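All remarks here apply to the structure that follows.
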Amino acid sequence: MASVTAGARLLSVRDVAERLAVSTATVYALCKRGQLQHIPVSGALRIDPASVEAFIRAGGASPSQK
């Protein structure tokens, strides 16, 4: 399970899709493949902004895949 940065507002799948300029289906696929860390909250996925930034810094691969 992903850790959450203290004080961070968790992002919705839609928020992340907008930041990455991809579809929500792509964000769900990235989460399912473990490329984007996420937290399930009441049946919805939430993503820590730090996880999105790490994904971007890694060039679109999860940091553990580099």
Once fully extended, how much extra length lies between L20 and R33, figured as 0.36 nm per residue of separation less the alpha-carbon to alpha-carbon distance? 3.0 nm
Could you rank the peptides 18-25, 51-58 by their average count of other C-beta atoms within 10 Å per residue, with the highest value first? 51-58, 18-25
Interchain or long-range residues, amide H under 5 Å from R46's placed H: I39, V41
Taking a label point 7 Å from the Cα of R9 along Cα-to-Cβ, the residues of region 39-57 whose backbone nitrogen sits under 15 Å from it are 47-50
Hull shadow area, averaged, region 11-58 [alpha-carbon convex hull, nm²]: 2.9
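Read the figures in this text as sums done on the coordinates, not as results from a lab. Source: prediction; values computed, not measured. Backbone-built Cβ (ideal geometry, glycine too); neighbour counts: all protein chains shown.
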